[in-house]
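Quick notes on the structure that follows.
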Amino acid sequence: MTLSASSPFPASFRFFRRLPGCWLPVVLAALSGATAATTLSPVVVSVTRDARSADRSTIPISVLTRADIEQAPAGQIQSLLATLPGISHSRAGGLGGQLVMRGMNSNDPRMVLVLDGDRFRGRNTLEYNLLDPSGIERIEVIRGPASALYGADAMNGVVNVITRRARGDASRDGFTLIPRLASLAYASAENLRAGRAELEGVGNGIDLLLGLGIRHAGDFRSPAGSIANSDFRTAEFTARAGYAPDAQQRWELSARLARVEAGRPGGIGGAPGLPWSEVRESPIRENHFRIGYQHHQAVPWADRIELSLYRRSLDTARTGTTRRAGNGRYARNHSFVIGPVVWGGKLLVGTPWTQGRSHWGMDFYHEAREGSELASWRGHGHAPPTSSTPRTRISRAASQLNAGLFFHHDQPLFSAHQLSLGARYDWIRTRTGSTPAPDEDARTRAAFAGRTAASDRALTASGGLILQPLSSLQLVGNLATAFRAPATFEKFGASRVGTRITEPNPALAPERSITAEAGLRLRWPTLQGNLTAFDSRYRQLIALADSGPQVRQRQNIARAGMRGLELDGIWQIQTPLSLRFNASRARGARHDTGQPLPHVPPLNGLLSLRHQSAGYSLEARLKWSLAKRRIDPARETRSAGYGIVSLYGGLELARVHPALKPFRLVLGIENLADKRYAHPATVADLRYPASPSNPLLEPGRSLVLNLVGTP
C-alpha cells in the first residue's frame, strides 16, 4: 500500500507532495509489517469524557504515558507535550512558555487544560508552570476542536493531565502506609535538581497518596552562553485520597498546594530579555481542592455517573524592570494579580443502548478576580529611584460564570463503521465592579458607564464518521464548530501606561471557528499509523486595535484560516526494537489582508528508535524542523532549520543488586551536538536587536539523570 498526500485530501494540502521523506517510515513498515513478532496494544483514553479506545473516537488523540514522562526528566511539561504531533513549545524561560497547537499560541486561550477531568482555569499563560511532571501519571491530548465536549476555548485542543494516585488492591483487609522515593532528577544544562517523595497507603477500601515535589534550577546554558534570569524554583504538595464502599462506587478528595518563582528571560512576557527587560514571577501561589464521586452500574439507564466540585485560587506577584536604550532611564513595576478564585464542577452520565452509547452532562465554572494592584519606581542608570508610586489598585473587580450542557452519541453502522454526533449549549455572563479603580481617568470611566455586564451564548456541534473497509484500515472524517469566550480582562480590561490608554469593550463577541478533518488510520499487528489533514476557519478574532490617538481597545477585527497535516505512529520492527515517528505542518493567514499568521511552526517532527529488553532500554531521538521562510515581517524573522539528537538509556537496578529492585535509572544526553537554535514559534521583540534571549535560545547539551521509584 502506498500513502498519498493528495488523496483522499483536498487540493489545499497538495503542497505536502514535496515532502516524501515524511511518509518513508510508514512505507517501510508496510513492506515488513507481516514479519515482526510483537503486537501493539490499543490505547484507552478518558479525555473524550467517556473511557474508550482511542480508535473508536473520530477525533485525533495523542497520549504521553508514565514511561514517556520518566524518560526525559524535564523541568516543565511543555517540553514533553512538544514531542507530540502538531504541538510546539514557545519558550519563555527555563520553566515558562506556551504551547502552540495547530499553529495557535495558548497565550490566547484557544485550548483547554484539564486536571483529572476538571478544567484547570486561571492564568492561561502560566498554568503549565504549576504542574510538576513527577506528579503526573499520564497526559491525553485532543488535537483539534472540542467545544462540543468542553465548551469555551476548546478551539484547537484539550490537554487532560491525570495525576498519580495510590496503586494496589484497596479492597484488601488492613490498611498499610509505605513511604517511598518517587523520583530524583538532575539536568546539567540548568543545574536542575528535582525530587518527589510519597506516602502511599491502600486497604479497607481506602487509597491514599501524599506527595511532595521540589524543583530547583539555575540559569540554563545555551551554546551561546548562560541565559540570565532563566532560573526557577517550585514546590508542590499533593494529596489524593479515595474511598470505595463497594466495587461500584468511589469517593475522592484531592488537594494541591503549589508555589513557583521563575524568571522570564525572553519569549511572551519576557522579550527582549536583559539588559533591556527583566521580568519575574515572585511568586505564583495556588491552592486547589476537589471532591469527586463515581458510581458504575448505578441505574439501568446509566452505567456511569460522575460528579465533581472544585475550588481553585491563584495569586501572582510579578516584578518587571525595563530600560530605554540610549538614555539609561529605567522603570520598575511590582504588580499583584489578586485571583482568580474559581469554583467549578460537573455532572457526567454514560448511557448504553442496545446499539451505540451516549454520554451527556453539564459543567460550570465561576471565576472571580479582585483586580490588580501596582507599585512603580522610576530612575536613571543604576542609581536609586528618583520617583515612585505607592501600591494602588489599577483595575476593577470582575467575574465570569460559564454554564454548559452537552450531549454526545456514538452509533455503530453496519459492522465496523461508526457515526458520532455531539452538541453543546453554553451561557456566559461576565461582570465588572461599579467602583472605579483609583487611577481611572474620565474617558475610561465614561467607557464603563452603564456597561458593567454582558452575556454571551454559544451553540456548538460536531459530527464524525469512521469507515472501516478493512480490519486494519480506518477512514475518519470530522466537522466541528468551536468558540472562545472573551475573558474578563478582554471585555472589561482597562489600564493606562504613561499616556496610552486601554479601554474596555463589553460588546466584544466570542471568536468562532469551523474545522473539517480527514484522516487515515493503519492498524497492522506491528504498525499503528495516523494521518490527519485539517482546515480551520476562524472569524471575529480578538486583538488589540487603535480606537483613537493613544487609545487601544480589544476588538473583533479579522477572519483567518489555518490548515495543516499531522502524521504519527509506531512501528515494532522486531520484538525489542521499535520506531516512533511524527511530523506536522500548519499554514495560516488572515483573510482580510492575506498576511501570514505569525509564529506558525514550519514542517517539524520527531523520530525515535528504541530498543526495549528485559531490564534495560536504549533510545536515540531526533527532533527536527525545516527552515521557516513564510513569516509576518512585522512580528517575526526567518529562522534556520535544525536537527537535534538526544540519547537515553534505562536500567532496572534489580539487575545490579536485588536490594535495588524498587528503582530504575534513566540516563540521557540531550542536544548531543550542542546545537544553537531557537524554536520558530518562540516570540521575539523586533524593536530590539537579536540576542540569545531575543528570540530565546533553547538549552544546549545536557546530561540528564532520573532515578525512578517503582511500586
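None of the figures in this text is laboratory data; all of them are computed from the coordinates on show. Since the structure is predicted, the reported quantities are computational estimates derived from the model, not experimental observations. Please note: Cβ atoms are built from the backbone with ideal geometry, for glycine as well, and neighbour counts cover all protein chains shown.
Some notes on this structure:
- Residues listed by number, region 360-400, amide nitrogen under 16 Å from Ser547 label point at 7 Å toward C-beta: 396
- nm² value of the averaged projected area, convex hull over the Cα atoms of the chain: 31.5 nm²
- Approximate spin-label separation Ser335-Trp301, in nm, with each point projected 7 Å along Cα-to-Cβ: 5.1 nm
- log₁₀ of I(q)/I(0) at q = 0.20, 0.22, 0.27 Å⁻¹ - region 546-608, Debye sum with one point per alpha carbon: -0.86, -0.93, -1.08
- Approximating the spin labels as points 7 Å out from Cα along Cα→Cβ, the Arg324-to-Ala673 distance works out to 4.5 nm.
- Per-residue extension of 0.36 nm, minus the Cα-Cα distance of Thr575 and Gln411, leaves a gain of 55.4 nm for this segment.
- Separation of region 636-675 from region 323-359 is 32 Å, based on Cα centroids.
- Note on region 140-284: Rg/Rh from Cα positions, Kirkwood definition for Rh, rounded to two decimals, is 1.10.
- Pairwise centroid distance, computed over Cα atoms, of region 84-100 with region 507-570, Å: 17 Å
- Taking N as the residue count of region 671-711, its C-alpha radius of gyration divided by 2.2 N^0.38 Å amounts to 1.72.
- Gain in span if fully extended, Leu705 to Asn191, counting 0.36 nm per residue against the direct Cα distance: 183.9 nm
- Leu660-Leu181 pseudo-label distance in nm [points 7 Å out on the Cα-to-Cβ vector]: 1.1 nm
- Dipole-positive endmost among Ser646, Asn706, Pro525 within region 11-709 (Cβ charges, Cα centre): Ser646
- Along the axis of the charge dipole computed for the chain (Cβ charges of +1 for Lys and Arg, -1 for Asp and Glu, origin at the Cα centre), the listed residues Ala516, Tyr186, Gly561 are led at the positive end by Gly561.
- Contour minus Cα-Cα distance for Ser53 and Arg451 (0.36 nm per residue): 138.5 nm
- With R₀ set to 22 Å, the beta-carbon distance separating Leu459 from Trp343 gives a calculated FRET efficiency near 0.35.
- Helical content of the chain, expressed as a calculated mean residue ellipticity at 222 nm, amounts to -1000 deg cm²/dmol (DSSP H runs of 4 or more residues, -39,500 (n - 2.57) each, divided by residue number, nearest 500).
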